[in-house]
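Colleague: Got a structure for you, questions after.
The values are calculated or read from the model by the stated rules, or taken from the named source; none is laboratory data. Model, not experiment: these values are computed from the prediction. As a convention, Cβ positions derive from the backbone with ideal geometry for all residues, glycine included, and neighbour counts pool all protein chains shown.
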Amino acid sequence: MRTTVFRLSLMYALAFSILTAIVLGFVFISTQNYLTERITQTLQTDLATLLEPDADASESGGGRDTRDLIDRIKEIQHFDKTRGGIVALSNSAGKILAGNLLHWPQTIAHKDGTARFNINDSAIPPALRQRSDDFDVLVFVHALPNGNWLIVGQQLADEEDLSEYIGSLFILALLLITLMGLLGGVVMGRAALKQIDQIRNAAQKIARGDLTERLPVHPKRHNEFDEIAIELNLTLDRINALIKGMREVTDNVAHDLRSPLNRLRTRLEVALLDHNQIKPCQHILNESVEDLQGILSTFNTLLSISQAEAGIQRIPFSPQDLSALCRDMGELYEASIEEEYLSLQCDCPTPLMISGNRDLLAQALSNLLDNAIKYTPRGGRITLSTTKLDTWAELRLCDTGTGIPQDQYTHVFQRFVRLDTARNLPGNGLGLAQVLATITAHRGEIHLSDHQPGLCVQILLPLSSAQI
Amino acid sequence: MKILIVEDDTRAAHYLNKGLSESGHQCDLAADGETGLHMAITGQYDVLIVDRMMPKLDGLALIAAFRAAGKTTPVMVLSALGEVDDRISGLRVGGDDYLVKPYAFGELLARLNALTRRAQPAASGLENDTLTVADLVLDRNKHRVTRAEQRILLQPREFRLLEYLMRHADQVVTRTMLLEQVWDYHFDPQTNVIEVHISRLRRKIDRDFSLPLLHTIRGAGYRLGIVPED
């Protein structure tokens, strides 16, 4: 979940950056083209000025034209020392007749139109250079009717500087935009995650049986998450109403079934009080009372499992020291354990505070101890220990008995499940189901493992926040 | 003693009445809460047995009203609701003991006896530091138990167990009562853990003496006293 949200925001940031790069690149290239275009136009104007026919030279011959042009070039050179402009006239053999080039540039063909060459060309006299670093020269070449070639040009030092400056600005902007995209993605992702976390926390509480819990809905925002939360809350209301109805039915059944059973027992017990009258069948009555006791006890256990499974809202919890409870239960059971020629080792030194119900936990521990005693042969050993494990209070109860086959580990927690090895021993098959329901109601976990030989039961209960 | 039974299940009330009468008690019956409250306030009873769920006025409301009228008669609450918080709310409104259906009749009888005995502390010598049953003496101050002048060494829990049994001498005390009063647990052990503690205690106080004091009452519990009931 977490990675999905962050991957999505990362992908958005990446796509955003690529798009920005394309737009900025287009702007950059257009700017450069525009600059070159402007310079080319200037050069064409310069050329036109040079070639403009003189008013008083209109009637003079062609030889006079060349001399006139040379004069004009010299004139321009005189006024244009600082501009870094280039102008030269060469004859058809490439010899410079006038201008500020030393010879015809090596890379420039004798062809009409614009061309570029590097400033380091030996045709440029060092004094003419605008700056000492590397840049290009843009020139316009023009063929004259008499076979001579005229070349006008401009050094691009400033223009290239400008381009570089714009380029670095664009890269900086791109970096900034990428960074902001990423940041925005993370912030928005976290906002979404926060909402998802809230929904998940509420869902966990509901899963533990607290059906009064509702998913959080923002009063004004109403985004998609809120829509889902509203729908789910409506579903929960309906489920809650149904379960309430079920519980009422269960309570009524409990009342209605237990009352006649109880009457039956009282009747038998009262009959037993009158010894003389019923001496012959006293034995039968006694056994009936005991059977009835068994039925009622199973019935009570079933009800208490349902109650624990129904969740936390009906069971009062208070701070409990798990270690003290274990020591107490160990003491209660020590005599029974010794009576079966077993030994109990209780190792619960440190107080472990949890939030729980003492009677339910005692019942669960009692069921586990009963099992350990029942399935451990004489001379065996039972160990009961508690330790702090991260944020959990850990309880381990291990015996050296017959154990449970590994493939039965989940099966044994179901109601009325009894393994073949246990068929001839007393019990109703509800003990472990009751333990599981109790531990689940305490938001804990229970795990079984092989103690080789025997069974190890590990119970994890969340420690009170004060002790973490 | 004189007992008022407030129970809407008339047949259950009938058997309760029969059983209690045969145990030597005198009972009055009330079939709903309002009648029950009226009879409880106007009559003279040693103990009240009140069902929780009843028409007109439920058991808790009855007890609250009864206590508000300034009555201190012990009240035993009976209920099919066995959850822990129900037990607590039952005791909070002024009930003195709480028994969850299904209960054994012997359990009810034993608890009723304990309740009425508690109501008259002066007569039973509860305030004494020494408890005596026949030649068995328990000194709470010195934490010392002797029988026929012989010192008997007990574990702390065995001491509390014996103390409870001696305070309720000649009464039937059930296993559930012992688990609640001596160990402070309200749950239902599948095996009889209490039985083992009792037999250990019995070995210490009875084995070397000719007169047994700690008796097991079949189907009900235990009784500490000179003569067994049956």
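Colleague: Among B:Leu29, B:Leu62, B:Leu16, which is of a type in the set (A, V, I, L, M, F, W, C) and closer than 21 Å to B:Gln171 by Cα?
Modeller: One residue alone meets the criteria, B:Leu16.
Colleague: Out of all the residues in the stretch A:320-336, is one or more in a strand (DSSP E or B) and either more than 24 Å from B:Trp183 (Cβ to Cβ) or modelled with pLDDT of 80 or more (or both)? So that I can check it myself, show each step before the final result.
Modeller: The first filter runs over the stretch A:320-336 and keeps only residues in a strand (DSSP E or B), leaving A:320-321.
Add one more test, that the residue is either more than 24 Å from B:Trp183 (Cβ to Cβ) or modelled with pLDDT of 80 or more (or both), and what stays is A:320-321.
Scanning the stretch A:320-336, I find at least one residue that is in a strand (DSSP E or B) and either more than 24 Å from B:Trp183 (Cβ to Cβ) or modelled with pLDDT of 80 or more (or both), so the answer is yes.
Colleague: For the stretch B:185-196, give me the residue count where each residue is charged (D, E, K, R) and modelled with pLDDT of 85 or more.
Modeller: Residues that pass the stated criteria total 1.
Colleague: Examine the stretch B:95-105 for a residue that is in a helix (DSSP H, G or I) and not assigned by TED's automatic domain parsing to the domain that holds B:Gly219, and state whether such a residue exists.
Modeller: Yes.
Colleague: Further question on the same structure: Can you name the number of the only condition in (1) more than 14 Å from chain B (Cβ to nearest Cβ); (2) basic (Lys, Arg); (3) within 30 Å of B:Asp8 (Cβ to Cβ) that A:Arg265 fails?
Modeller: Condition not satisfied by A:Arg265: (1).
Colleague: Looking at (1) closer than 23 Å to B:Arg157 by Cβ; (2) under 49 Å from the mean Cα position of the chain (by Cα), can you tell me which one A:Tyr341 breaks?
Modeller: (2)
Colleague: Moving on to the next point. Would you confirm whether or not the stretch A:207-217 contains a residue that is among the acidic types (Asp, Glu), modelled with pLDDT under 80 and more than 22 Å from the chain's Cα centre (by Cα)?
Modeller: Yes, the stretch A:207-217 contains a residue that is among the acidic types (Asp, Glu), modelled with pLDDT under 80 and more than 22 Å from the chain's Cα centre (by Cα).
Per-residue answers, yes or no, for (1) crowded, with 17+ Cβ neighbours inside 10 Å; (2) not in a helix (DSSP H, G or I):
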site: A:Ile151; (1), (2): yes, yes
site: A:Glu164; (1), (2): no, no
site: A:Gly181; (1), (2): yes, no
site: A:Val187; (1), (2): no, no
site: A:Asn201; (1), (2): no, no
site: A:Asp210; (1), (2): no, yes
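Colleague: Turning to a different aspect of this structure: Give the number of residues within the stretch B:156-178 that are within 14 Å of chain A (Cβ to nearest Cβ), crowded, with 21+ Cβ neighbours inside 10 Å and more than 11 Å from the chain's Cα centre (by Cα).
Modeller: Final tally of qualifying residues: 1.
Colleague: Given the options B:Ile3, B:Ile49, name the one that is touching a Leu at 6+ places or on another chain (Cβ under 8 Å) and surrounded by 22 or more Cβ atoms within 10 Å (Cβ to Cβ).
Modeller: Just a single option satisfies the conditions, and that option is B:Ile49.
Colleague: Quick check on this structure: which one of B:Ile217, B:Ile194 is within 14 Å of chain A (Cβ to nearest Cβ), surrounded by fewer than 20 Cβ atoms within 10 Å (Cβ to Cβ) and in contact with a Lys or Arg (Cβ under 7 Å, 6 or more places away or on another chain)? Talk me through it step by step, then tell me what you get.
Modeller: Details: B:Ile194 fails: surrounded by fewer than 20 Cβ atoms within 10 Å (Cβ to Cβ).
Result: B:Ile217 is the single residue among B:Ile217, B:Ile194 that is within 14 Å of chain A (Cβ to nearest Cβ), surrounded by fewer than 20 Cβ atoms within 10 Å (Cβ to Cβ) and in contact with a Lys or Arg (Cβ under 7 Å, 6 or more places away or on another chain).
Colleague: Working carefully through the options B:Gly59, B:Gly33, B:Gly43, find the one that is in contact with a Pro (Cβ under 8 Å, 6 or more places away or on another chain) and on the phi < 0 side of the Ramachandran plot.
Modeller: Unique residue meeting the criteria: B:Gly33.
Colleague: Next up: Is it the case that some residue within the stretch B:27-36 is within 14 Å of chain A (Cβ to nearest Cβ), crowded, with 18+ Cβ neighbours inside 10 Å and at pLDDT 90 or above?
Modeller: First, the residues of the stretch B:27-36 that are within 14 Å of chain A (Cβ to nearest Cβ): B:27.
Filter once more, keeping what is crowded, with 18+ Cβ neighbours inside 10 Å: B:27.
Within this subset, residues satisfying the condition of being at pLDDT 90 or above are B:27.
The answer is yes; a qualifying residue exists.
Colleague: Considering B:Ala40, B:Ala13, which residue is in a helix (DSSP H, G or I) and either more than 14 Å from every other protein chain (Cβ to nearest Cβ) or without any contact (Cβ under 8 Å) to a residue 12 or more places away in the chain (or both)?
Modeller: B:Ala40
Colleague: A further question on this structure: Which of the residues that make up the stretch A:322-341 are more than 12 Å from chain B (Cβ to nearest Cβ) and in contact with a helix residue (DSSP H, G or I) (Cβ under 9 Å, 6 or more places away or on another chain)?
Modeller: A:Leu322, A:Cys326 - these are the residues of the stretch A:322-341 that are more than 12 Å from chain B (Cβ to nearest Cβ) and in contact with a helix residue (DSSP H, G or I) (Cβ under 9 Å, 6 or more places away or on another chain).
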